[in-house]
Every structure is written in structure tokens, then in C-alpha cells.
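Notes for the one structure printed next.
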Amino acid sequence: MRSAMPKVLHKVGQWPLLEHVHRLAKALSPHKTTIIYGHGGEEVRAHLKHLDSFWVEQKERLGTGHAVMQLADDIDDSATVLILYGDVPLLRQATVEKLLALSGEDSLALLTVELDDPHGYGRIVRDAAGAVLKIVEQKDASPEALAITEGNTGILAVNGAKLKGWLKRLDNNNAQGEYYLTDIIGLAVHDGVTVRTAHAVNVDEVLGVNDRQQLAHLERVYQTDWAKRLMASGVTLRDPARLDLRCDIAHMGQDVEIDVNVILEGEIRIGDRVRIGPNTVIRDSEIADDVEIYANCIIEKAQVGRGSRIGPFARLRPETRLAEQVHVGNFVEIKKTLVASRSKINHLSYIGDSIVGSDVNIGAGTITCNYDGVNKFQTVIEDGAFIGSDTQLVAPVRVGKNATIGAGSTITKDAPEDSLTLSRVKQMTREGWKRPVKMKGD
């Protein structure tokens, strides 16, 4: 990967590679999951400490067989052991369930895949009747074995007692000097245990990641799959190739329309008939029915009420809560603020740490001065208030119900309801005044 970060921490979608695999394992309702870690292990554990799993360190890097040896003493004889790989993020649950169904006390189940270019894969060697004989790794393969196109994914399911017995018989007499887990296939055949194979229908689901190009390829596969699911559920995507989902979609309504270059992150809820304009980022937010979000907006940890209109070029920061039919216009930023129904903040304003009532109109260039360099203070604007353009509301301050603030005012004290409050320097005109002129020779 040419990276200071361990490979399994690189992401596809919203999760690191290893977390994709762990989520798959948990979906199978296992009795126990164990992560065997090596390179960069402490960093991996620190980043993924939330994973519900046992962790076992492989201190020496002596191959996949040696990795599994690290937990041999903890394997229950009657268990079915499923072995997955931390850099194979897109394996499907249905594929694994098919594999598990083939495993038993007298059989080993192996996942294989047909490849146009099997370079780098261990080859599945079969007899004339089609029974699996062994797996030959690329570096140890003869020209005849290299011609085989059926590749080993390394993913297998096996009886616990038999696995432990075969692990004890592994050796490292090979080109890499490693203990290959794949050698247990030959041992199983030698012991008369049937090797049954399941086949991955989609090559991409068993692909691993070893470089940035492969990571980018699987990212596109992941995004394409999600785009298909969304369209099947009734979402219009203007260009499915230009959507990035890095989220858990808690709810996605019908007749949603998403334009190009939209990024959805975190936990997202989107209601019916929502329209999301191009180049918009929505993160950990809830968007109610009939909302229209224009181009180039950023919405983070916010709630947008039914029928509201956002943007273009608006930013809703964390703890912003908009009620129904709120209008937030171009170059408006709102943070930690409650805005009640039908209020409008349409142009070039910053509203932070505030409570805004219903039917309020906030003019262009209005800011709440909520921070004194140490502490944050709250601004309250009650129902029906009208805030003139270029107003500074110096918190803590309250604007009363149906109050009007004259344009260009700096408000440092509470403004009473049903009144006009303004703060301006007296306008002066100097008649006969002339502009300075440039002196000759300058």
C-alpha cells in the first residue's frame, strides 16, 4: 500500500477493510469471532477497539497456516471454523452461507473462483473425476498447474478437531518458507475427507486489496452495488457513477432524487420526495419529507424539517434543528440553533447558539456574535421578528416577538417586542467636498 497505516485500516465506503469482514462474520451469528493480527497490530486494535471480537497476535509472520496455529488451543473440537481474510471486504453473506452448508465432520468446504487471469492465486488441482486433490501456490506451481484458471480464495469452513490435527502436520518446505493454510487441503484428501467447493459468482466479492489501485476498484464496486440498491428502492440517481455512500442508511424514502457528486456519510435518514442538489455532503443527519437541498451544501449532524429549502452554498453545522418550511439560503451558516416553522435566513448570514422562533425573517449579512473568546452565549429571536440586513446581535441578547431591527444595527441589549430597534451612527453630508487629486510629479 506504500502507507504508514496498516492495510486493513484503509477504507472501502465508510468502514476499514477489516471492519467489513468483521460485520460479515457477525451477521452469521457465530459463537465466537477471533481476529488474528500481525503487521501494525497495536494500531489496528486501537482504531478498531469497538469490534466485538477476541484478538490474538501473530508475533512472527510465518504464513497463513502459522496465523491459524495461534488459536489452535482455543478451537472447540465440535465447532465449524470459518476462516476469512481481513483484506477481502466485499464477500457476500449468501456466498458464505453456501460455503458453510457444505462443511461437516467428514468434509471440508473451500471457496474457489474462476479467473480470467489467475496470476498470484493458488490453483485448485483436481483429478480426472473432478475431485479436489490439492492447492498449488503460484511460486510452487508447475507450468501445467499455472494453466489452471480455478483459483483458491483461501476462505474455508472446516471441523474444529480436524483443523487442529492438520495444523500440527503442516511444514514450511516451500519456496517462501511459510506454513501454508492451503496445505490442509492435501492433508484432508490424504485422510479421505471430502473437499467440497463453493464458487463465488462475482469475482469482485473475493478480491483482496494489496495496492491503491485495487482499493479504488473495490470502492467503485461497492458504490455501484449501493447505487443499484437505491434505484431498486425508488431513488432517482442522476448519475449512479457519481454518488458516494459512506453511511448506514437508516431510512431512504421513495421518489428521492439525488444529483451528481453527492456524498452521504455516517447515519442518514432521508424522507420521501427529497431532492438533493449536486456537490452536496450530508453527514449523520435527518432530512424530512419534501425537502429541497440545492447545490454545494454541507449538512452535518443536523435535522431538516418537512418542506424546508436549503442552499445553494449553505452549511448546517452540528446541533442545527430546522422545523417545517424553513428557508436557509446561499452562503448561510447555522450552528447549534433551533429554527421554528416558516422562518427565513436567506443570504450571507451566520446564526450560532441561537433559538429562532416561527415566521422570523433574518436579513442578509446578519451575524450572532456568540463567542467572546472564552465562552459561548445564546441569542433568542422570538416569533415574527424582522432582522434588517447587516445586523450584529451581540449575545446574550433577546429580540422580542414581532420586533423589528433596523438594517446596519449592532444590538447589545434586548430589543422589546412590537417595536423598532436600531443602532446607527448619524448620517452626515459635507456639501462642496472634493476628492483629493494626485499631485503633479508624484
To the nearest 0.05, how large is the calculated FRET efficiency for residue 49 and residue 191 if R₀ is 35 Å and r is the Cβ-Cβ distance?
0.30
Residues in the range 109-125 that a label on residue 83 would reach, taking backbone N under 13 Å of a point 7 Å out along Cα→Cβ:
109-111
In whole Å, what is the distance between the alpha-carbon centres of the range 283-334 and the range 176-226?
44 Å
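If R₀ is 30 angstrom, what is the calculated FRET efficiency for the pair residue 412 and residue 433, using the beta carbon separation as r and rounding to 0.05?
Values: r = 32 Å, r/R0 = 1.08.
FRET efficiency, residue 412 to residue 433: 0.40.
Rg/Rh for the range 157-300 to two decimals, with Rh computed the Kirkwood way over all alpha-carbon pairs.
Values: Rg = 23.3 Å, Rh = 18.9 Å.
Ratio of gyration radius to Kirkwood radius: 1.24.
Extension gain residue 176-residue 267, at 0.36 nm per residue separation less the Cα-Cα distance, in nm? Kindly include the intermediate steps, with their values, before the conclusion.
Numbers: separation 91, 0.36 × 91 = 32.76 nm, distance 4.45 nm.
Length gained, residue 176 through residue 267: 28.3 nm.
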Pairwise Cα inverse-distance average, inverted: Kirkwood Rh of the range 243-336 (Å)
12.4 Å
Please list, in order, the residues from the range 195-232 whose amide nitrogen is less than 19 Å from a point placed 7 Å along the Cα→Cβ vector of residue 4.
212
What angle do you read, to the nearest 10 degrees and between 0 and 90, between the alpha-carbon axis of helix 212-232 and the longest principal axis of the chain?
70 degrees
Among the lysines, select those whose C-alpha is under 30 Å from the C-alpha of residue 59, and discard any that sit fewer than 8 residues away in the same chain.
7, 11, 26, 32, 49, 134, 139, 162, 164, 168
Hey, got a sec? Which trypsin sites (Lys or Arg not before Pro) in the range 133-188 land in a DSSP loop and have at most 10 other Cβ atoms within 10 Å?
none
Gap separating the Cα centres of the range 115-164 and the range 359-397, nearest whole Å
69 Å
Is the C-alpha gyration tensor of the range 7-206 telling us rounded, prolate or oblate? Criteria: a/c under 1.5 is rounded; beyond that, a/b larger than b/c is prolate, otherwise oblate.
rounded
Would you calculate the separation in nanometres between label points at residue 116 and residue 98, each defined as 7 Å from the Cα along the Cα-to-beta-carbon direction?
2.0 nm
Largest-first principal axis extents of the Cα set of the range 212-421 (Å):
61, 34, 23
Rounded to a whole number, the Stokes-Einstein D of the chain in µm²/s (Kirkwood radius over Cα pairs; 4 °C; 1.567 mPa s) is 49 µm²/s
Which length gain, in nm to one decimal place, applies between residue 289 and residue 128 when the Cα-Cα distance is subtracted from 0.36 nm times their residue separation?
51.7 nm
Per-residue ellipticity at 222 nm for the chain, helices alone: DSSP H runs ≥ 4 residues times -39500 (n - 2.57), over residue total, nearest 500 deg cm²/dmol?
-5000 deg cm²/dmol
With no solvent and one equal point scatterer per Cα, compute the Debye intensity ratio I(q)/I(0) for the range 174-229 at 0.12, 0.26 Å⁻¹ and report its log10, rounded to two decimals.
-0.54, -1.03
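For the chain, with only Lys/Arg (+1) and Asp/Glu (-1) charged at the beta-carbon, what is the dipole magnitude about the Cα centre, in debye rounded to 20? Present the calculation step by step, with values, prior to reporting the outcome.
Values: 53 positive and 60 negative charges, 429 e Å.
Here the chain has a charge dipole of around 2060 debye.
Starting from the Cα-Cα distance between residue 377 and residue 358, subtract it from 0.36 nm times their residue separation and give me the gain in nm to one decimal.
Details: separation 19, 0.36 × 19 = 6.84 nm, distance 2.10 nm.
The span from residue 377 to residue 358 would gain 4.7 nm if fully extended.
Values quoted throughout were computed directly from the atomic coordinates according to the rules given, and no laboratory measurement underlies them. Worth saying up front: this structure is predicted, and the values here are computed from it rather than measured. Virtual Cβ from ideal backbone geometry, glycine too; neighbours counted across all protein chains shown.
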